[in-house]
Amino acid sequence: MKAYRAGLLWFADAREGVGKAHYEQDGLLVVGSDASGVQVVQAIGSWQALSAQFSHLEVEHFPGRIIAPGFVDLHVHFPQTNVIGSPAPGLLPWLENYTFPEEKRFEDPAYSAQSATFFVDELLRNGITSTLAFATSHPQSVNALFEEAQKRKIRMITGLVLMDRHAPQGLIHGTAQSLQDTEALIARWHGKGRLGYAITPRFAPTSTEAQLRGAGELAAQYPDVWIQSHVAENLDEIAWVRKLFPASRSYLATYNDFGLMRERAVYAHCIHFDDADRALMRDTRTSAAVSPTSNLFLGSGFFDYAGADRVGFGYGLASDVGGGTSFSPFHTMLAAYYVGRTAVKGLQDKEGLSLAPQHLWWQHTAGAGAVLAVKDATGQSLVGNLLPGCEADFVVLNPKATPLLARKTDLANTLDELLFSMIVLGDDRLIERTVISQAFPRMA
Ligand code: GUN
Ligand code: ZN
C-alpha cells in the first residue's frame, strides 16, 4: 500500500448520479492491491481523519497540488491525430477530403505502431487514463493500439471500424471478413488486463444492413463487449440515413433495429434527437459521448443537455479528435460550457444553461466512467473516480502551473470557482503527473 497527501477531488457514487464533488484541501489517498492484484483506492479523506490509521505507510506529499481522478475520454479516433484542425464545410466533406485519406495510411503496421505511441503519449500528457477509441478498418491498427495500451497500462477500449460500403478503396472491408476479423480481435484482446473490445460500425451510412445485422449478432453473443458508433451529428448525414434505412423510425432507431443499443453502447454526438430518441437511449441504457469541440469545429450543432436530463439518459464528455480540436479535457469541458450557454431555438432554455463546474468535471471523469459500466458486484462504477474500490488512476494538478492560473486560483473562494479557473485557463501544463493503476489480468 502507498499513500498520497495533497488536495483531493472526487465524486459521489455514480448511482447518486448528480455530479456532486467532494474536496479535501489537505487529503490522504491510500492505494493498494485488491484480491486480484489490481491497484485500487483503499481509503480517501482528510489527512486529519486518516493519517493516524495509515501512519505505517510511505506517504508521497504533493504540497499545493490537487489529486483528481484520471480523465475518461468517451470518444476519440486514434488515427485522426493528424486530422486535427482540417477545415471543411461540414462532416461529410471533412471525412472525404481529410479523414479517409489519413486513415488509409494505417494499413502500414509501422505507421500504426508509431501513431499509437504518439497517441497514448498525448492521452497521458493530458491526464486521460481511460479511453473508448476508434481505430481504422485495418486489424493492424487495432493490434497496434492495444499493444501500446498494454505496455502503458492505460484502460483502452477500441475496435475495428466496420465499413462495407460508401467508403474508398483501402478502407472498405468485405462484410463477412469484417465480422470474422471482429470476432478474432475480441478473442485476442477483450478482457486482457485493462483492455476491452468495442464493436465499431463507423456510422449507419457506411454499413450495409447485413453488416449492421452481423454487428448486432456479435453484440448479443458477447454481452460484455462495448459498442460504439456515431449518430445524429449532422443534418446532411441524417438525410442520407433516412434514404438508406427508410424502415427505421429515426437515425438512432436504425441502430436499435439491428440490436446495437444496450448498456455499454456509446454513441458520439446525439445532437439532432427528438424525445422518442431520448427515451430510446434511456430505455436501452445506451449512452452519449458528448463531443463539444468537434461539434463546434464542424458546425454540427449543440448537444441538448436540458433534453438529455429531462428524459434521463447517460452521457459523458469526449474529445472526438480529430473532428475535435484538442486532447485536453480542460478545452473539452470549456467547450461543453459554451454549448450549455448557447440558447438555440428549441434547445436548452431561453437563456441557455450555466453548467456547474463540478458537473462539467464529473462529465469527463466519474460520469464518463459510469457510461463505460465497469462495475463491481454491488454495481459501483470502478472507473473515473477515487471512491474506495475504484481503479487508482489519477492526475496530480498544479493549480499554479502558469502565472495567470496562479493568480486566478488563488482568488477562488469556493470549489466551483477553483474548478472553473482550471477549466477556463487550463491545458496540459496543469497536469503535473498522470498515475496509472497497475494493470493485472482481470476481466473487463
Ligand atoms: N461520422 C462518421 N465518421 C466520423 C468521424 O470520423 N468523425 C466524426 N466526427 N463523425 C463521423
Ligand atoms: Zn467520432
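Take Y338 and decide whether it is within 30 Å of N82 (Cβ to Cβ) and more than 15 Å from ligand 2 (Cβ to nearest atom).
Criteria met by Y338.
Step by step: first the residues of the range 278-330, then only those that are among the aromatic types (F, W, Y), over 14 Å from the mean Cα position of the chain (by Cα) and farther than 21 Å from F100 by Cβ, then the one that is nearest to ligand 2 (Cβ to nearest atom). Which residue is that?
F303
So that you can scan it fast, the table gives a plain yes or no per residue for (1) modelled with pLDDT under 95; (2) buried (at least 22 other Cβ atoms within 10 Å of the Cβ):
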| position | (1), (2) |
| --- | --- |
| M333 | no, yes |
| T342 | yes, no |
| W361 | no, yes |
| T365 | no, yes |
| L397 | no, yes |
| T402 | no, no |
| L405 | no, no |
| L411 | no, no |
| A444 | yes, no |
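Is it the case that A343 is assigned to a helix (DSSP H, G or I) and either farther than 25 Å from R15 by Cα or away from ligand 1 (no atom under 16 Å from the Cβ) (or both)?
So A343 fails the test.
So the check is Cβ under 6 Å with 6+ separation or different chains; which pairs have a first residue in the range 1-22 that's within 10 Å of N385 (Cβ to Cβ) and among the aliphatic types (A, V, I, L, M) and a second one that's part of a helix (DSSP H, G or I) and modelled with pLDDT of 95 or more?
A14/A366; A14/A370
Within the range 15-35, how many residues turn out to be among the hydrophobic types (A, V, I, L, M, F, W, C), in contact with a Phe, Trp or Tyr (Cβ under 9 Å, 6 or more places away or on another chain) and outside any strand (DSSP E or B)? Spell out how you get there, then give the answer.
Taking the range 15-35 as the starting set, the residues that turn out to be among the hydrophobic types (A, V, I, L, M, F, W, C) are 18, 21, 28-31, 35.
The next check asks that each one be in contact with a Phe, Trp or Tyr (Cβ under 9 Å, 6 or more places away or on another chain); those that pass are 18, 21, 28-31.
Narrowing the set further to residues that are outside any strand (DSSP E or B) leaves 18.
Number satisfying all stated conditions: 1.
Could you please find all residues in the range 105-144 being over 14 Å from the mean Cα position of the chain (by Cα), in contact (Cβ under 8 Å) with a residue 60 or more places away in the chain and closer than 28 Å to I67 by Cβ?
Residues satisfying the conditions are E122, R125.
Can you work out which of the residues in the range 270-308 that are small (G, A, S) and within 15 Å of ligand 1 (Cβ to nearest atom) is surrounded by the fewest Cβ atoms within 10 Å (Cβ to Cβ)?
Restricting to residues being small (G, A, S) and within 15 Å of ligand 1 (Cβ to nearest atom), the top hit is G299.
Name the residue, out of E58, E147, that is more than 16 Å from ligand 1 (Cβ to nearest atom), of a type in the set (D, E, K, R) and in contact with a strand residue (DSSP E or B) (Cβ under 8 Å, 6 or more places away or on another chain). So that I can check it myself, show each step before the final result.
Details: E147 fails: in contact with a strand residue (DSSP E or B) (Cβ under 8 Å, 6 or more places away or on another chain).
Answer to the selection: E58.
Of S46, S86, S33, which residue is within 16 Å of ligand 1 (Cβ to nearest atom) and not hydrophobic (A, V, I, L, M, F, W, C)?
Selected residue: S86, the only one of S46, S86, S33 that is within 16 Å of ligand 1 (Cβ to nearest atom) and not hydrophobic (A, V, I, L, M, F, W, C).
So which residues in the range 183-217 are crowded, with 20+ Cβ neighbours inside 10 Å, more than 16 Å from ligand 2 (Cβ to nearest atom) and either hydrophobic (A, V, I, L, M, F, W, C) or over 21 Å from the mean Cα position of the chain (by Cα) (or both)?
L185, I186, W189, L195, Q211, L212, G214, A215, G216
Any idea which of L360, L334, L355, L387 is part of a loop (DSSP other than H, G, I, E, B), under 21 Å from the mean Cα position of the chain (by Cα) and closer than 14 Å to V290 by Cβ?
Going through L360, L334, L355, L387 in turn, just one is part of a loop (DSSP other than H, G, I, E, B), under 21 Å from the mean Cα position of the chain (by Cα) and closer than 14 Å to V290 by Cβ: L355.
In this structure, does I157 turn out to be farther than 15 Å from L218 by Cα, in a loop (DSSP other than H, G, I, E, B) and not small (G, A, S)?
Numbers: farther than 15 Å from L218 by Cα: yes; in a loop (DSSP other than H, G, I, E, B): no; not small (G, A, S): yes.
Against the criterion (farther than 15 Å from L218 by Cα, in a loop (DSSP other than H, G, I, E, B) and not small (G, A, S)), I157 does not qualify.
Would you check if A116 is surrounded by fewer than 14 Cβ atoms within 10 Å (Cβ to Cβ) and either more than 30 Å from S326 (Cα to Cα) or away from ligand 1 (no atom under 16 Å from the Cβ) (or both)?
Values: surrounded by fewer than 14 Cβ atoms within 10 Å (Cβ to Cβ): no; either more than 30 Å from S326 (Cα to Cα) or away from ligand 1 (no atom under 16 Å from the Cβ) (or both): yes.
Taking the combined requirement at face value, the residue does not satisfy it.
Give the residues of the range 287-331 that are touching a Lys or Arg at 6+ places or on another chain (Cβ under 7 Å) and in a strand (DSSP E or B), sorted by residue number.
none
If I ask for residues that are surrounded by fewer than 19 Cβ atoms within 10 Å (Cβ to Cβ) and either among the aliphatic types (A, V, I, L, M) or over 22 Å from R429 (Cα atoms) (or both), which ones from the range 125-152 would you list?
Within the range 125-152, Q140, E147, Q150, K151 meet the criteria.
In the range 97-129, what residues are in a helix (DSSP H, G or I) and charged (D, E, K, R)?
Within the range 97-129, E102, E103, K104, R105, E107, D121, E122, R125 meet the criteria.
Need the failing condition index for A265 against (1) surrounded by 20 or more Cβ atoms within 10 Å (Cβ to Cβ); (2) free of Cβ contacts under 8 Å to residues at least 60 places away in the same chain; (3) of a type in the set (A, V, I, L, M, F, W, C); (4) within 15 Å of ligand 1 (Cβ to nearest atom), just the number.
(4)
Here's the yes/no breakdown for (1) within 14 Å of ligand 1 (Cβ to nearest atom); (2) farther than 21 Å from E391 by Cβ; (3) among the polar types (S, T, N, Q):
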| residue | (1), (2), (3) |
| --- | --- |
| T99 | yes, yes, yes |
| Y111 | no, yes, no |
| L123 | no, no, no |
| T136 | yes, yes, yes |
| L162 | yes, yes, no |
| T175 | no, yes, yes |
| G191 | no, no, no |
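For the range 153-179, which positions are buried (at least 17 other Cβ atoms within 10 Å of the Cβ) and basic (K, R)?
K153, R155, listed by residue number.
The conditions are (1) more than 16 Å from ligand 2 (Cβ to nearest atom); (2) within 25 Å of L419 (Cα to Cα), and A368 fails exactly one of them. Which is it?
With respect to (1) more than 16 Å from ligand 2 (Cβ to nearest atom); (2) within 25 Å of L419 (Cα to Cα), A368 is out only on (1).
The values are calculated or read from the model by the stated rules, or taken from the named source; none is laboratory data. Quick caveat, the model's predicted, so the values are computed rather than measured. In this analysis, Cβ positions are derived from the backbone assuming ideal geometry, glycine residues included, and neighbour counts consider all displayed protein chains.
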